Amino acid sequence: MYGVTQGLLFLFFIACACGIVLSASSRGKATLWTIAVFSTVCALALMAAAALVLISGQAPEMRLWTLEGFGRFTLRLDALSSIFLFICGLVYLPASLFVARYLGHRFEERYPARRFGVFHFALMGSVVLILIAHDAYSFLISWECMSILCYLLVNYEQNPDTDTRAGYIMLAMSEAGFLCIVLAFVIVGRGAADFSFAALAAQGLRLSRGAIWGAFLLGFLGFGVKAGLVPVNFWLPRCYTAAPPTFIPILAGVTLNLGFYGILRLNMDLAPAHGWGTGLIALVVGSLTALVGILYATTENDMKTMLAHSSIENAGIIVAGIGASMVFRGSGFAVPAAIALTAALYHTLNHSVYKTLLFQGSGEIEAATGTREMDRLGGLARFAPGLSVVFLVACLAISAVPPFNGFVSEWITLQSLLRSAVLASSSVKIVFALCGATLALTAALAVTCFVKAYAMSFLGIKRGDWEPHSIKVFGHSHFSSVYLAIACLLLGVLPTFVVPALNRAVEPIATASASASLVPPFFTATPTNQQLPPAFLQDFHNLGAQTGSKILPGRGLVLLVRGAEQNPVVFAMSPSYSIVALAFLLGLTWLIVRGATQARSVARNELWAGGIPRLLPEMSYTATGFSNPVRVVFQAIFRPNIVEDTRETVAVHFRTAILRRREETHLVDRLFFHPVGDAVNWFARLLAGMHHGRLNTYIAYGLVFLLLILLLFRLT
Amino acid sequence: MAVIRATDPPAERLDREALIADLQRRFHCDVAATESGTIASIRVTDLSELRPLCRSLFWDAGCGFGGIVVEERPQSWEVRYIFLARFAGWIEVLVSLPLSATTLPSISAEVHAADWHEREVEDLFGLRFEQHPRLGDFILHDQFWGEGLAPFRKRFDISKAHSNGQNNVSWRPLLVVRDPGAFAMPVGPVYEGGIGESVHFMLETVGEDVLRAIPRLFFNFRAVEKIAEGKDVGQALLLAERFAAKSSFAHSLAFCAAVERISGVNVPLRAKQLRVLLSELERLRHHAGVIAGICESTALAVSAAHAAIIEERLLRASCCFTGHRYLFGLNIPGGLRRDFTEQQCQDLLSAVRLAAKQLETLEDRLSFTSSFLDRLEEAGVVAPETARDLNLVGPVGRASGCGHDLRKECPYGLYKQYEFQVPSEKQGDGYARLRVLFQEAYQSGTLVGDLISSLDSGPIHAPCQSRQGFALGWVEAPIGATLHWLRLGESGLVERYRIITPSFNNWLGFHVAVEDFAFQDFPIILATFGLSATECDR
Amino acid sequence: MSFWFWNGLRRGIQTTRYPKSMELERGVSPGRPVATSFKSSAEAEQAAGQCPVGAIVARDSVADLELGRCVYCQRCHFGARYPLDWKYDYEWAQIFPGAQDFAVLPKPYRKSLHVIVVDAGDCGACLHEVKQLNNPLYNVHRLGIFFTPTPRAADVLLVVGPVSENMRVPLQKTYEAMPDPKRVLAVGACAISGGVFGRSAMSAGGVASILPVDLEIPGDPPPPLAILHGLLVATGRKVPAAGAQVS
Ligand code: SF4
C-alpha cells in the first residue's frame, strides 16, 4: 500500500512534468491532446493515491533534501491532505477535459494554448505540493507559486475587454494574505525544533493563549483571502468574472478549497485553540459571508458573477461548519466537533463538484450564445436539452434540494449547529441560534437564486438577439458534465459511504469519530450491540432496519445526528430511502392522476397569455424582474444609488424614454475598503503635503526629528 | 367623515364674442355663420396658423377641448376642432382641405388631448398629421391589419368582410422604459382579473413597481360611426344607444339632441323633464356601479356586496319604471317613446331615495375603514395641472379640480332651471375620485326627487321630421362630456356620424397621468377611473 | 371594523331562491315579446314591419318571433300601433338553432362549473349582467358556478358581443385553450346574430361564424336570471326553452 501510494504520487509528478514539457513543445491540436491526456493521468493518479490513503489509513511520507538553516523539506500525505487531494483530482479530471474541448471548438489555432498548458500543469503541481507539504517552507513556497500561477491564468487570455485589473487585485490580495500566513507560521514556529509540521504541532500544544489568538487571527485572515471570506473577498467576484471560462472551474473547484485547507491545517491541526472564542469568530464570519454572498448572488444577472457570489456563500457555509467544530472542540465536546467538521468537509467536496459543473455550464452557455446576461438568455432548454438537464442537476444540488449532494451537507451543517444545546454559555448558544437562522435564510435565498438562474436561462422564450450558433457543439451534455452530474447524485444518495471516508481526516483533528454517531452500523448490529444504546437499537429494529442487512452492504443508508436524548429517531434522515420512496410516490401519483383524469383530456397548445396573438420576448419575465423583490426587501443592505433618472418627453406628455440606472457599491467595499482606502489616501496626502520641495522645510524636519529623538533618549 | 366640498368650479364666464374678435384680429380667419346658434365657427384659411390658433384657444383663452370631427365631403375634407368656451357655448375651428390632401398639421404638441383623435383619424381616414410625435398602431392593431386600409373613407365598403387574416409577426410593442432588465407584463385582452372588458395592458416594470401602464384598446372596435352611415335616423339611434350601455341614455339623448337641432323640433316640456330625470337616474346607477367596482378592487368584500346590491336594486327600479334595465328604447327624436304614471314615478322616487340613503351609509362606513382608505389615498394621483393639460372630463377631472360639467357650462335640456351642485376636489387621488362619485350620486338623487315633484303634464313627444343638415349634440354623460356630431343627407339618411366619448378622453389621460405605482394598486387605480373600454372603442 | 360584519348580518339573506323557486320580484327581467295573433295577416305583416332588426316574422295572422334577434328597441311594445304580447319571465335560454347535437355537460359539472367570459365587442350591458351573477342578490357560487380568469380551467365559454375583428383571434385562442368537454354560450342578441352591429368588416355578426355555439341566451341584454338559466341548461339542471329535446 505504502509503496503504491508513493508510486502514484511519483506518477503524478512525472505526468505533470511531461505535461509542462509537451505543452510547451507541441502546437495546435497536439497541445489540447496533451492537456487532456496528461491531466487525466494526473487526476486519476491523485484520486487513486488519496483513495488508498483514505481506505488504508496509512500516511506515506517522503523526506526531501535538507537546506542548511531552514530544516528538512518533508512531503506527507495524511488523511486531511488526501481528502483535498481527492477533491482536486475529482475536479481536475472533468475540468481538463472541458478545457480541451472548449479550446478545440472555440479558438482553433490563434489561441495561446501552449502557454495555457504550461500554466495549467504547473498550477496543478503547485496545488498538490501545497496539499502534501509537511513543513512550513515547502508549504509557503508552493503557496506563493500557486498565487502567481493563478494570476497568470486569470489574465492569460489578454482580452482587451476583460478586466485585467481583476488579476492584479487578486494578486495583491493574495500577497497580503501570504504575508499574514507567514507571520502566523512565525508565531506558531517560535521556539519549535524546526519548521516541519510535526514539530509545529508539538509546539502548538505549548503555545500561550495570546500566541494562539495571534496565529488564528493572522491565519484566518490570510487563508480567508483565498477562501473568499468577508471582508477580504472583494477580489473574488471581479476575478471570477474576468477569468477565462477554461480556468474558472479550477479556480472555484480547487484553489478556493486551499483556503479551507489552510485554516484546518493551521488552526485546527497545528495550533488548535482552547476556548470557544476563535471558533465563534469563524462561525460568525462564515455565516455573514454566506448571507452577503447569497444576497449579491440573488440580485446579480451576469451568470459568472452570480456564480462567484454563490461561491462566497458556500465558502461561508463551510467556514461556519469549521467554526462550529472549533467551538465544540474548544469546549470539550469532541463528537459534535467531529460532526460539524464532517459537514464542512462534505460541503467542500460537494461545492467543488457542483460549482465546477455550473461554471462549465456557464462557459458553454457563453460560448453558444455569446452572452452571460440572464436578462438576455431564456429558452435555452429547447436548444440545448442535454446542457439543460445537467445544469438543472447542478442548480438543484446547490440549492440543497434532495436527492442531490448539497442537501446532505447543508442538513448536517444545520443539524450540527442545533447541537449547541450542549454548550454551557447561553450567549454562545444565542450566537449559534442567530448563525443557524442566518444559514437557513441563506439556504432559502439560494433556492431563489438558482431558480432564477435556471428558469431565466433555460425556460421561457428567448429574450436576446443571439443566434444559438455553437449550440450543436456546446448544447449537448458531454462526459465532463455528465460525470459531475452523476457525482452530484451519488454524493447525495449515498452519504453513508462518504462519511466514513471523511471520518479518517476528522478523527485525528476532532479527536473523536463522527461515523459512529452519524452513520451508526445499526443494519448489522444485533439488538445487544454494546456500542449503541439499547433503546435506540430497539427503535430501529422495530422499524425493520435490520432487514436491509441481507441485501445492502456497509453501514446502511441512514444518516443520523444522534443526540444524547432518549428519542434517537428525531434527527434521522436517509436520502437513499427517500429517493426510493419519492420515486414510488411519484409513480403512484402519476398512475392515480392518469386513472382519475381519463374522462378529461388536457388541451395542449400554446401558452395562455390572455389571448394575445403571440407572446413576445419583451413580455416575459427577466432575471432582474425576478430578483427585484429581494432587492427591495434588502434595500437597507444594497443601498442602491440612483445615478440616473431620466424621463424623456416630447411636447410635455409624450413619454419617449424612462431610464433609471442604479449603482450599488458592494457592502464589503462600502463598509471596509472604502474607509480604509480613504484613510490611506488621507495619510498619503498628509505625507505628500510635507514635501514642499524647499530645502529649508526639509532641514526643519530634520531638526524636529533630531530634537524628538534626543527627547526620547532623555526620557528613557 | 369625508369633507364635503360641493362647490361650483371656479370659472368665470368666457366672453366668446370678444374672444373671436381677438382671434380674427390675430389670425387670418373667417367667422362663418353656423346653422345652429350655439356654435361659433372659425374657418382657418392659412393652415400654418392652425396650431397657434388652437394653442391660443386652449391655453390663452382657457377653452376646453371637445374633439376632432373629420368629414369626407364630396369635394373636400372638412376637419372641425371643437372647443368649449366655458359658459358661452362652443367654438369650432374649421379647416377645409382638397380631397387630394394627405397631411395636415398636428396640434397634439399644443393640445395634448388631441393626440388620440389625430391617431384615430390617421388610422381610419389615412390622413397624416405632420409632426405628430407618435403615430402608428392604434385602432387597427398592427398585429392584424396592414397599412393603408382607411376604412372610414367613403370608398371603403364596410359591409363587406375585409379579412384581416394576417398575423403580423414582426409587430413589436412600443416600450419606453429603458432600465436594464425592464419588461412589459402583458395583461389581457381576455382580462385576467375575471369578468372584464377587453383591454390589453402592457405594464412596464423592472420587477416590483410598474413604471408605466400602456393600454392597448380598440379590441371592441365595431366601427359604429361608419356602419351608421346610410342608415335612417331610427336605425342609427339603435346604434347610438347600444354601443356603450353603461351610459346608453346619455348617448341616445345626445344623438336625439343632434337630430332635433337639425330638424328644429321643440321637445315638449314633460319630455324634457323626463329626460333630465332619466339622465340623473342613469348617473346614479352608473356611479353606484363604479363605487361597487372600487370596493371590489380593494377586496373589501362586504362593502362591495352592499354597493352591488344598491346597483342591482337601481337596475330593477329602472326596469320597473321604463321596462328596460339599461333604459334602452326610450329616447326618440322629438321626445320619449312612453309616458309614466304617477304611481310609477312615486315607486321610482322611493327606490332612488333608498339608494341614496344606502349610499350615504356606505360612504360613512367606508370613511371609517382605514384599510380601505389606505389603499385609495395617494393612489393614482393626477395633479390639477396634469388634468388640465390632458383635458380630463367627468368625475375624474373634477376630482383633480378641472373637468367641465356641460350641465353647468353649456346647459342643455332643462338643466338651467334646476338647482344642483358640481362637486370638485383638488387632491386628484383615488379617494378624491370616490368622494366626487358619492357627491354626484347624491346630487342626482336629489334632482330626481325635484323633478318628480314638479313634472309637467303634457305630451311627451313632438313629431320630428328628419331634414338635411348637421348639428352637434352634447350631453354630460355619467363619465363626462360626450359629443355626437351628426350630418343628415338629403333623404334624411346619416351621412357622417361622429361620437366623441368621455372614456376616449380619459383613457388617454389615464395612461399618461398614472406612472410609477405598485403593481397591486393597478386594479384600484383603474377602478377609480371608472373607464369603459367599449365606449372608448365604439 | 366589526360594523361591516354586523351590518352584513343585520341585512339577512337577500339572495334569490331561484332555481329552487321562481324569483318574482319586479324588475329582475324586462320580459320578452312573444308570438301574438292578430286579426288578419295584413296586421301581422304590419306588426312585423315595426321591427328594425327583423325579429318579428309574420306567419299568417300570427306575428312570430325570433327572439335571438330582438334588440329590445320597444318599438313593438310601448306606443306601438300593433303591440305584441309581452311575457315577463326569464327562462328563455335555448339550444342554438345551428347547433347539431347539443348534449348537456357530464354529471360532475353539475356542482362545479367554471365559466370564462369573453367580451368580444360587447356594449357593456351583457357583460355587466353576467357580472351581476356574482352580486349577492344572485350569488351563483351557491350553485357551484365559478367565474375563472383562465380558459385552462374553464368548462363553459360565455361570449358577449358580435365578435369584433380585433377580438377574433383572442376569442379563438380562448376557445382552443379550453379543455374538453366544453360548451359555448352566446349571450345577447349581438353574440347570437350580430344585433344592431350586424355583419361588417369590423364585426363578425355573431359568435357562430367563429365558434360552434351550443346555447343561446337571447335578450339585449339578457337579465342575470336568464344567463343563469342558460348555465343551468348547460349542466342539465334546467330544460331549455321552446321545449327542444336534449340528448
Ligand atoms: S322589441 Fe324586439 S321584437 Fe319588438 S320591435 Fe324591437 S327588436 Fe323587434
Karplus 3J(HN,Hα) series, Hz, for the stretch B:114-128 with 6.51 cos²θ - 1.76 cosθ + 1.60 (x for Gly, Pro): 7, 3, 5, 4, 5, 5, 5, 4, 4, 6, 8, 10, x, 8, 9
5 angstrom amide H check on C:I145, placed H, neighbours 5+ away: C:L113
Student exercise, the protein assembly as shown dipole from Lys, Arg, Asp, Glu Cβ charges, in Debye to nearest 20: 2980
Peptides B:249-256, A:148-155 ordered by average Cβ neighbours within 10 Å, highest first: B:249-256, A:148-155
Per-peptide average of other Cβ atoms within 10 Å, ordering B:209-220, B:350-361 highest first: B:209-220, B:350-361
Mean residue ellipticity (222 nm) of chain A, computed from DSSP H runs ≥ 4 via -39,500 (n - 2.57), nearest 500: -22000 deg cm²/dmol
The stretch B:422-466: C-alpha gyration tensor shape, a/c 1.5 cut-off, then a/b vs b/c: oblate
Computed over the stretch B:224-529: relative contact order in percent, which uses C-alpha pairs under 8 Å that are six or more apart: 30
FRET efficiency estimate (nearest 0.05) - Cβ-Cβ, B:E208 to A:R670, R0 22 angstrom: 0.45
Selection from A:L358, A:A443, A:L280, by position along the positive dipole direction of chain A (Cβ): A:A443
Cα centroid separation - the stretch A:74-97 against the stretch B:464-512, whole Å: 84
Positive-pole candidate from C:A63, C:F38, C:L84, dipole of the stretch C:32-87, charges at beta carbon: C:L84
Radius 14 Å from Cβ of A:G219, net charge of other residues (Lys, Arg +1; Asp, Glu -1): +1
Hz values of 3J(HN,Hα) by residue in the stretch A:612-627 - Karplus curve (6.51, -1.76, 1.60), Gly and Pro given as x: 6, x, 8, 7, 9, x, 4, 9, 10, 3, 9, 4, 4, x, 5, 9
Charge-dipole axis of the stretch C:94-243 as Lys and Arg at +1 and Asp and Glu at -1 on Cβ define it, positive-most pick from C:C190, C:Q94, C:S200: C:Q94
Total formal charge among the other residues, if their Cβ is under 13 angstrom from that of A:P640, Lys/Arg +1 and Asp/Glu -1: 0
Amide hydrogen neighbours beyond the local backbone of B:R212, cut-off 5 Å, H modeled: B:E204, B:D516
Sequence ranges A:27-35, A:682-690, A:506-514, ranked by mean other-Cβ count within 10 angstrom, highest first: A:506-514, A:27-35, A:682-690
Per-residue average of Cβ from other chains inside 10 Å of A:624-635: 3
B:A101-B:D516 FRET efficiency (beta carbon distance; Förster radius 41 Å; 0.05 resolution): 0.50
Net dipole in debye of chain A [+1 Lys, Arg Cβ; -1 Asp, Glu Cβ; about Cα centre; nearest 20]: 320
Estimated distance in nm for a label pair at A:N681 and B:S370, the labels positioned 7 Å out from Cα along Cα-to-Cβ: 4.7
J(HN,Hα) series, the stretch A:658-663, from Karplus relation 6.51 cos²θ - 1.76 cosθ + 1.60, nearest Hz, glycine and proline x: 10, 9, 10, 10, 10, 10
Alpha-carbon centroid distance for the pair the stretch C:30-92 / the stretch B:64-133, whole angstrom: 44
Tensor-based shape of chain B (alpha-carbon gyration tensor, a/c under 1.5 rounded, otherwise prolate or oblate): rounded
Three-way shape label, the stretch B:224-529, alpha-carbon gyration tensor, a/c 1.5: oblate
Long-range HN-HN contacts of C:V57 with modeled amide H, under 5 Å: C:D64, C:L65, C:E66
Partner chain coverage, peptide C:201-208 - average Cβ within 10 angstrom: 5
Kirkwood hydrodynamic radius (C-alpha pairs) into Stokes-Einstein, the stretch C:158-247, 4 °C and 1.567 mPa s, D in µm²/s: 96
Calculated FRET efficiency for the pair A:E663/A:L588, C-beta based, R₀ 56 Å, to 0.05: 0.60
Contact order relative to length of the stretch C:94-243, as percent, for alpha carbon pairs under 8 angstrom and 6 or more apart: 29
Neighbouring partner chain Cβ atoms per residue of B:198-207, average, 10 Å criterion: 5
Virtual spin-label span in nm between A:I14 and A:A596, 7 Å along Cα→Cβ: 6.6
Pair A:A334, B:L354: separation of 7 Å Cα→Cβ label points (nm): 8.8
Cα centroid of the stretch A:349-414 to Cα centroid of the stretch B:294-336, whole Å: 58
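Quick note: the coordinates plus some simple rules give every number you see, no bench work behind them. All figures in this text were calculated on a predicted structure; none of them were measured in a lab. Methodologically, a virtual Cβ is constructed for each residue, glycine included, from the backbone with ideal geometry; neighbour enumeration extends over all protein chains shown.
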